[in-house]
1. Kindly indicate whether any position in region 7-22 is more than 15 Å from Phe158 (Cα to Cα), crowded, with 19+ Cβ neighbours inside 10 Å and in contact with a Lys or Arg (Cβ under 9 Å, 6 or more places away or on another chain).
2. Answer yes or no as to whether Thr155 is of a type outside the set (Asp, Glu) and either touching a Pro at 6+ places or on another chain (Cβ under 7 Å) or under 29 Å from Ala15 (Cβ atoms) (or both).
3. For a quick check of your reading of the model, give me the residue pairs whose first member lies in region 213-238 and is without any contact (Cβ under 8 Å) to a residue 60 or more places away in the chain, whose second is in a helix (DSSP H, G or I) and hydrophobic (A, V, I, L, M, F, W, C), with beta-carbon atoms closer than 6 Å and at least 6 apart or on different chains.
4. Could you please tell me which pairs satisfy a Cβ distance under 7 Å, a separation of 6+ or placement on different chains, a first residue in region 15-27 that is under 12 Å from Asp151 (Cβ atoms) and of a type in the set (A, V, I, L, M, F, W, C), and a second residue that is assigned to a helix (DSSP H, G or I) and modelled with pLDDT of 80 or more?
5. Scan region 1-36 residue by residue and report those that are within 19 Å of Gly165 (Cβ to Cβ) and of a type in the set (D, E, K, R).
6. One residue is enough: does region 148-164 have a residue meeting the conditions among the acidic types (Asp, Glu), surrounded by fewer than 24 Cβ atoms within 10 Å (Cβ to Cβ) and either on the phi < 0 side of the Ramachandran plot or in contact (Cβ under 8 Å) with a residue 60 or more places away in the chain (or both)?
7. Of the numbered conditions (1) of a type in the set (A, V, I, L, M, F, W, C); (2) within 21 Å of Leu18 (Cβ to Cβ); (3) over 14 Å from the mean Cα position of the chain (by Cα), Leu76 satisfies every one except a single condition; which is it?
8. For Met1, which of the numbered conditions (1) surrounded by 13 or more Cβ atoms within 10 Å (Cβ to Cβ); (2) of a type in the set (A, V, I, L, M); (3) in contact (Cβ under 8 Å) with a residue 40 or more places away in the chain; (4) closer than 27 Å to Ile196 by Cβ fails to hold?
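The values are calculated or read from the model by the stated rules, or taken from the named source; none is laboratory data. Please read these numbers as outputs of a predicted model, since none were measured by experiment. Reconstructed Cβ throughout: ideal geometry from the backbone, glycine too, with neighbour counts over all protein chains shown.
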Amino acid sequence: MPGIGTVVNTLAVIAGSLIGMLAKKGLSEKMQESVMKTLGIATMFIGISCTMAEMLVVNEDGSIGTQGIMLMIVSLVIGTIVGELLKIEDGLESIGDKMKRFRIFQGDSRFTEGFVTATLVVCVGAMAIVGSLRDGLEGDPTLLFSKSILDFISTMIFASTLGIGVMCSAIPMGIYQGGITLLAGVIGNYLTDDIISGMSLVGSVMIFGVGINLFFGKKVKVGNMLPGLLIPVVYGIFTMLSA
């Protein structure tokens, strides 16, 4: 049934977050800080490895080359400009602050940080896009099931330091992936392998930015980079139409 992948993924984020929140009660403040920096290093490594996977290619002569560097740079720059004008990061934080007003979320000083950080991690990446498209076009949720396992582990660890805000990332993720699944029949034909690879490359750099924020404190407004994910789509469609 189309959409079951997103349902399972959403439940995995909630379950992982609940377990992480229970573990948080047994961690001292110093231990939480150490875990946060470890998460930062791990997230940066994931971002770097995923970026290299999309960027490095093996040429016919066996040499190692690169691809998509200029598209990545242009996408991030344009995306950041648009994001700054639209104040997307501020919007995400505003949503987190409004959700924090509910009594169940009060008392968690890191709610907004957890919500924004986890939302970026679970939504940005090729698995979210490709998995949702496969679920909608082919009724195959396998890739989203695999993503569910990864998200379960990552949100469990994030929630152990950032609290209940991490669990609330299930809401935007469910809307985002569910929307792609519903629109798969319309947009699926336009998202070629090159476009998805470009989006994955740009998204992987953003994940590296999330890692920087986790390790050093908030230094990069990753949320404002999100429009950059659309630049490979626009470029790819323009290339197809002009060919």
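1. yes
2. Numbers: of a type outside the set (Asp, Glu): yes; either touching a Pro at 6+ places or on another chain (Cβ under 7 Å) or under 29 Å from Ala15 (Cβ atoms) (or both): yes.
In short, yes.
3. What qualifies is Lys219/Ile212; Val220/Ile212; Val233/Ile195; Gly236/Ile195.
4. Pairs found: Ala15/Phe152.
5. Lys24, Lys25, Glu29, Glu33
6. Scanning region 148-164 turns up no residue that is among the acidic types (Asp, Glu), surrounded by fewer than 24 Cβ atoms within 10 Å (Cβ to Cβ) and either on the phi < 0 side of the Ramachandran plot or in contact (Cβ under 8 Å) with a residue 60 or more places away in the chain (or both).
7. The number of the failed condition is (2).
8. For Met1, the failing item is (1).
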